[in-house]
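Here is the structure we will look at.
The values are calculated or read from the model by the stated rules, or taken from the named source; none is laboratory data. On a predicted model such as this, the values are computed, not experimentally measured, just so you know. All Cβ positions, even for glycine, are placed from backbone atoms using ideal geometry, and neighbour counts span all protein chains on display.
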Amino acid sequence: MIYISQYLAREVRSMETIQHIASRWEQADKAALRHLFPLLAAGKPVSHSLFAIIVKTDVFAVEKALQLGRTDRDSRGNVIGLSGFTLLPTLHRLMIEDVALFSCCAMVVQMMPSLAGKTAAIESIDPINNKVVKIIISPNSIP
């Protein structure tokens, strides 16, 4: 019986995570922000000026898009995270080529290969048994 309640609790958390991610994107400029995922997959902070060049707009429009996308920034204002993906270490790590990226949860980390357009090796800690779970997901996989 305990396993069923743990499973249900995990399912509720999963649905809450999906709803949270969806709500963060409602007001965001998705056309501009989608370019951040592959840039972050390079493993380096993304500057406003680079992002402006990529999306072919000015720095003020970039800042507005970044604020609505609820990005994480370093001390210099460079983007280091977007919608749960970050360059800062967490319990959920993915390797894309030789670059380590991280996420706020295991479910979110499974979306990055599709967003970055590259295969990733994912390591995450199972919250129930505290064991490391390893999987490989291609950009065309359905997690």
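The table for this structure:
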read-out	value
Selection count, region 84-97, where residues are within 12 Å of the chain's Cα centre (by Cα) and aliphatic (A, V, I, L, M)	3
Count - residues of region 98-123 that are without any contact (Cβ under 8 Å) to a residue 40 or more places away in the chain, over 9 Å from the mean Cα position of the chain (by Cα) and within 23 Å of THR71 (Cβ to Cβ)	5
Tally of residues being part of a helix (DSSP H, G or I), under 22 Å from PHE102 (Cβ atoms) and among the hydrophobic types (A, V, I, L, M, F, W, C) across region 38-84	5
Residues of region 85-97 that turn out to be farther than 22 Å from GLN67 by Cβ and in a strand (DSSP E or B), as a count	5
Some residue of region 99-114 being among the hydroxyl-bearing types (Ser, Thr, Tyr) and surrounded by fewer than 16 Cβ atoms within 10 Å (Cβ to Cβ)	no
Out of LEU33, LEU50, LEU87, sole residue that is modelled with pLDDT of 85 or more and within 22 Å of MET111 (Cα to Cα)	LEU87
In region 47-72, residue surrounded by the fewest Cβ atoms within 10 Å (Cβ to Cβ) [restricted to those that are of a type in the set (Lys, Arg) and touching a residue at least 12 places away in the same chain (Cβ under 8 Å)]	LYS64
Among (1) at pLDDT 80 or above; (2) in a helix (DSSP H, G or I), the one test that MET15 misses	(1)
When residues of region 55-83 are limited to those that are among the basic types (Lys, Arg) and more than 20 Å from the chain's Cα centre (by Cα), the one modelled with the lowest pLDDT	LYS56
Residue check for ILE135: assigned to a strand (DSSP E or B), closer than 22 Å to HIS35 by Cβ, at pLDDT 85 or above and β-branched (Val, Ile, Thr)	no
Residue count for region 103-132, restricted to those that are of a type in the set (S, T, N, Q), more than 13 Å from ARG93 (Cα to Cα) and not in a loop (DSSP other than H, G, I, E, B)	1
